[in-house]
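The values are calculated or read from the model by the stated rules, or taken from the named source; none is laboratory data. The structure displayed is predicted, hence computed values, not measured ones. Reconstructed Cβ throughout: ideal geometry from the backbone, glycine too, with neighbour counts over all protein chains shown.
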Amino acid sequence: MNHDTTLQYISETGKFSSDRSLGRIRELSRRLGDPWRGLKIFHIAGTNGKGSISSYLTHILSTAGYNVGWYTSPYLERFNERIRVIQGPEVLEQYDRDNAAGEIDNESIDRIMTRVSRAADSMREDGIMDLPSEFDLITMMALIYFKEKNCDYVVLECGLGGRLDSTNVIENPLASIIAAPGYDHMDRLGNSMRNIMYEKAGIIKPGTPVFAYNPSDSMISEEDAASARKTLEERCLELDVPLHWIGRDQYEMLSYGRQGQSFRNLETEEVYTTKLLGVYQPVNALLAVAALANYVSAEDIRQGIAATVWPARLEILSHSPFVLLDGAHNIQGCRALVESLTRLNENAPMVFLCAIMQDKNYREMINIVLNSKQYETAAIVFTAAPDERTASAEQMLATAKEVLDPEVESKLLMSSVSDYNAALDEALALAEAKGAVLCVFGSLYLAGAIRKRMRDLQKNQTYSTGYNTLGA
């Protein structure tokens, strides 16, 4: 395959299979020699925070000198982002400067997908009705690549759910990590917290320890938190595996600001610093700490957490005007965003740039962010994300007018600009004029596009305001 043919083959494969089992991915894996066998894997599921946890794990292991395979989804700017190999501290340092470092190259994608597609086509030729999905193909490509690169460890992030996720083809991971639960992808996972947590808990394996984000701290209702805890505890009891809850009561915040945050682990008295700004990040970091405690030194953990970066999660794109990019794309993400902005805006007004997918609860997301009394909102520009599932800018503007508190609306400038490049230009101008903080949120599709646009503005010196050097 050439590269265009490869990407076309992947994109034309169905995103989801009609088969509600792991039968198809297991058969595809068998025909490819089960490439996951022999890999030492940390497996991550959950609604919010999977990517941050995976980044902490990868940074810590790479700091310790290990060759780490890193599988994430979705990507922000390039397909290649989903599959990386970080070979120790040198490549890790390159990644922290340029987020393209360590990515799988196009030649490897084409070569490995040729092999994977032949195995998938052989299933069709043998009359197997339930054929591999797009995510099945990509997951097998990643596992083959990690095997070829002789990875010491693999950090494997679920795409959706857990029980029926393609990554769940693996057996005997070193740890199962469950990130913060929340309501998302309910068309696939169910509309109750019990159903959703049941799907996430599907990655738990006999003999594998479980490290889980305490649902009581994940910005869901007390009733939902209790249901999530009970569901996970029942599954761990059924499989007789140890369950370790990690929550806000396990650390003390020492400092918090635009440069990052520091906190003390109350169980060990270790002090950590992280550049990641989300208020939930200490819990994500401590999940990685707990999962890796028996594999790396305390010093490697400290250095790895301090080095960790993860694009588009309260990422600072500019200091003047101060621009934050956040992938908050569901209700829990927006609640966490509001709490973080309360600490980061430094009494400046807020300007927002927003695009949200049609299948999300954008009404409640807009309500949470715009009606907050924790900061003054000066303006919001609604736009469309570069994806066919996006809600229209006009649709969200109309919704905002329905949910806004009259007192907030009387002081708020609102507009809709369908082209996200033009929308960013307008939002930047508003932020500069009002001495405001600009926050971009609502969709990772929007985040990837805005990140690229900001990098282009920096290169073209359209603004001389000190944009960070954003990795290509």
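Of note:
- Under the condition of being in a helix (DSSP H, G or I) and modelled with pLDDT of 95 or more, the residues counted in the range 87-113 number 8.
- Pro321 being crowded, with 20+ Cβ neighbours inside 10 Å and outside the structural domain of Pro181 (by TED's automatic domain parsing): yes
- Residue selected from the range 55-80 under the condition in contact with a strand residue (DSSP E or B) (Cβ under 7 Å, 6 or more places away or on another chain) and crowded, with 24+ Cβ neighbours inside 10 Å, by the criterion nearest to Asp136 (Cα to Cα): Tyr71
- Qualifying residues in the range 137-172 (those that are in a loop (DSSP other than H, G, I, E, B) and among the basic types (Lys, Arg)) - the one farthest from Ala291 (Cα to Cα): Lys149
- Some residue of the range 152-160 being crowded, with 17+ Cβ neighbours inside 10 Å and modelled with pLDDT under 95: yes
- Residue check: Leu160 meets all listed conditions (1) closer than 21 Å to Arg84 by Cα; (2) touching a residue at least 40 places away in the same chain (Cβ under 8 Å); (3) not acidic (Asp, Glu) but one, namely (2).
- The one condition in (1) closer than 29 Å to Ser62 by Cβ; (2) assigned to a helix (DSSP H, G or I); (3) modelled with pLDDT under 95 that Ala328 fails to fulfil: (2)
- Number of the exception - Arg343 against (1) surrounded by fewer than 24 Cβ atoms within 10 Å (Cβ to Cβ); (2) within 21 Å of Ala312 (Cβ to Cβ); (3) in contact with a helix residue (DSSP H, G or I) (Cβ under 6 Å, 6 or more places away or on another chain): (3)
- Number of residues in the range 191-238 that are exposed (fewer than 14 other Cβ atoms within 10 Å of the Cβ) and either in contact with a His (Cβ under 9 Å, 6 or more places away or on another chain) or closer than 23 Å to Val289 by Cα (or both): the value is 2.
- If you go through the range 263-280 and keep only what is part of a loop (DSSP other than H, G, I, E, B), surrounded by fewer than 18 Cβ atoms within 10 Å (Cβ to Cβ) and among the aliphatic types (A, V, I, L, M), you end up with just Leu266.
- Consider the range 68-86 and keep the residues that are polar (S, T, N, Q) and at pLDDT 95 or above. The one that is farthest from Val309 (Cα to Cα) is Asn80.
- Residue match in the range 185-198 (condition: modelled with pLDDT of 95 or more and either over 30 Å from Gln358 (Cβ atoms) or small (Gly, Ala, Ser) (or both)): no
- The range 346-394, residues that are touching a Phe, Trp or Tyr at 6+ places or on another chain (Cβ under 9 Å) and surrounded by fewer than 19 Cβ atoms within 10 Å (Cβ to Cβ): Glu346, Asn347, Ala348, Pro349, Asn361, Pro386, Asp387, Arg389, Ser392, Glu394
- Any hit, the range 248-261, residues being closer than 28 Å to Lys40 by Cα, of a type in the set (A, V, I, L, M) and not in a loop (DSSP other than H, G, I, E, B): no
- Residues in the range 327-357 that are within 19 Å of the chain's Cα centre (by Cα) and not aliphatic (A, V, I, L, M): Gly327, His329, Asn330, Gln332, Gly333, Cys334, Arg335, Glu339, Ser340, Cys354.
- Near pairs, Cβ below 8 angstrom, 6+ apart or cross-chain, from the range 86-100 (under 14 Å from Ala64 (Cβ atoms)) to any residue that is in a strand (DSSP E or B) and modelled with pLDDT of 95 or more: Ile86/Asn67; Ile86/Val68; Ile86/Trp70; Gln87/Asn67; Gln87/Val68; Gly88/Asn67; Val91/Val85; Leu92/Ile86
- One residue stands out in the range 105-119 among those that are surrounded by fewer than 21 Cβ atoms within 10 Å (Cβ to Cβ) and within 15 Å of Arg84 (Cα to Cα): the one that is farthest from the chain's Cα centre (by Cα), namely Glu107.
- Within the range 209-223, the only residue that satisfies the criterion of being in a loop (DSSP other than H, G, I, E, B) and closer than 13 Å to Asp249 by Cβ is Asn214.
- Checking each residue of the range 64-80 against the condition of being part of a helix (DSSP H, G or I) and touching a Pro at 6+ places or on another chain (Cβ under 8 Å) gives no match.
- Within the range 101-115, residues that are within 14 Å of Ile138 (Cβ to Cβ) have Cβ atoms under 8 Å from residues that are among the aromatic types (Phe, Trp, Tyr) and assigned to a helix (DSSP H, G or I) in these pairs: Ile104/Tyr145; Ser108/Tyr145; Ile109/Phe79; Ile112/Tyr145; Met113/Tyr9, counting only partners at least 6 apart in sequence or on another chain.
- Of all positions in the range 399-420, at least one carries a residue that is under 30 Å from Arg97 (Cα atoms) and modelled with pLDDT of 95 or more.
- Condition met for Ala175 (hydrophobic (A, V, I, L, M, F, W, C), modelled with pLDDT of 95 or more, surrounded by fewer than 20 Cβ atoms within 10 Å (Cβ to Cβ) and touching a helix residue (DSSP H, G or I) at 6+ places or on another chain (Cβ under 8 Å)): no
- Pairs, first within 25 Å of Gly448 (Cα to Cα) in the range 396-424, second among the basic types (Lys, Arg), C-beta under 6 Å, six or more apart: Thr399/Arg363; Asn421/Arg453; Leu424/Arg453
- Scanning the range 341-383 for residues that are touching a residue at least 60 places away in the same chain (Cβ under 8 Å), aromatic (Phe, Trp, Tyr) and part of a strand (DSSP E or B) returns a single hit, Phe352.
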